[in-house]
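Note sheet for the following structure.
Every number here is computed from the coordinates shown, using simple stated rules; none is lab data. A quick note: this is a predicted structure, and the numbers were derived from the prediction, not measured. In this analysis, Cβ positions are derived from the backbone assuming ideal geometry, glycine residues included, and neighbour counts consider all displayed protein chains.
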Amino acid sequence: MYPPESSRPRQFDLIAFDWDGTLFDSTAIITRCIQWAVQDVGGQVPSDEQASYVIGMALMPALAHAAPDLPSEKYPQLLERYRQHYLAHQNDISLFKGVLDMLADLRARHHWLAVATGKSRRGLDEALRCADLKGIFDGSRTADETAGKPHPLMLNELMREFGVEPERTLMIGDTTHDLQMARNACCASVAVSYGAHTPGSFPALAPRFIAHSVGELHDWLKTNA
């Protein structure tokens, strides 16, 4: 399934992106929605750092991790309150500046583009419609249809779908969950520092690069991808 040899990119055939905090400027809203949901059901409200740490994980395990004092019988209520808060604020979220230009440039260079996200399939499809991005990505996997990060199943399935080897696959994300998933799938990774996790935790997971803006990420991909 490889593109023609003359059009193959320098290093990577398949580039997989995380969604929240990597392409979509949603970290602050998700953090607040987690905190509001925990407060609604009577749990100890997590700090900004604790709430943002779970972004990228599958939703229910993320909420449970953010509210360890809550009994499990309250999890359905916690999930429902989170969804209500997120739906009320989802239109406040937008793509990071420069993302559309970057994706268009990568498509013009014949990379396959995919999304590997902790969002649900329903949530990702809604986000793609809202962001007018439907058709830009060649494939996608969500936590509810595969396995939550850092399990490598999302990347493994995408690589099988496109017939791409791990050494020709790049994962780009804003959390240690993304970088660990890439390592578990034997793929390369690039980290972005403008999302959910602080960049000090990234070097231990050996990303090829840490980008501090979409512009930096785009420039690195032009030269190295």
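Structure notes:
- Against the compact-protein benchmark of 2.2 N^0.38 Å, the Cα-based radius of gyration of the chain scales to 0.99.
- Phi-based couplings in Hz for region 53-59 (Karplus 6.51, -1.76, 1.60; Gly and Pro marked x): 4, 7, 4, x, 6, 4, 4
- Note on region 146-225: semi-axes of the ellipsoid equivalent to its C-alpha gyration tensor, largest first and rounded to whole Å, are 20, 15, 10.
- Amide H contacts under 5 Å for ALA188, placed H, 5+ residues apart: THR169, MET171
- Cα-based equivalent ellipsoid, region 27-92: semi-axes from gyration tensor eigenvalues, Å: 16, 13, 10
- Here the Gaussian network model covers the chain, with springs between Cα atoms less than 10 Å apart; of GLY195, GLY173, GLY123, GLY123 fluctuates the most.
- Shown for GLU216, GLU167: other C-beta atoms within 10 Å of each C-beta, ranked fewest to most, produce the order GLU167, GLU216.
- Summed residue charge, Cβ within 12 Å of LEU78's Cβ, Lys/Arg positive, Asp/Glu negative: -1
- Cα-based Lys pair tally, the chain, threshold under 27 Å, eight or more apart or on separate chains: 10
- For the chain, modelled as a GNM whose springs connect Cα atoms under 10 angstrom apart, the maximal fluctuation among SER94, SER52, SER193 occurs at SER94.
- In sequence order, region 196-207 has phi-based couplings of 7, 9, 6, x, x, 8, 7, x, 4, 9, 6, x Hz under the Karplus curve 6.51 cos²θ - 1.76 cosθ + 1.60, θ = phi - 60°, and Gly or Pro positions carry x.
- Interchain or long-range residues, amide H under 5 Å from GLN44's placed H: ASP69
- Model label points for ARG208 and LEU100, set 7 angstrom from Cα along the Cα-to-Cβ axis, are 2.7 nm apart.
- Each Lys and Arg Cβ is given +1 and each Asp and Glu Cβ -1; about its Cα centre, the chain then shows a dipole of about 280 debye.
- Hz values of 3J(HN,Hα) by residue in region 109-122 - Karplus curve (6.51, -1.76, 1.60), Gly and Pro given as x: 8, 6, 6, 7, 10, 9, 10, 10, 9, x, 5, 7, 4, 4
- Near GLN180: Cβ cut-off under 14 Å, other residues only, Lys/Arg at +1 and Asp/Glu at -1. The net charge is -1.
- Neighbours of ASP18 by Cβ distance under 14 Å: Lys/Arg scored +1, Asp/Glu scored -1, total -1.
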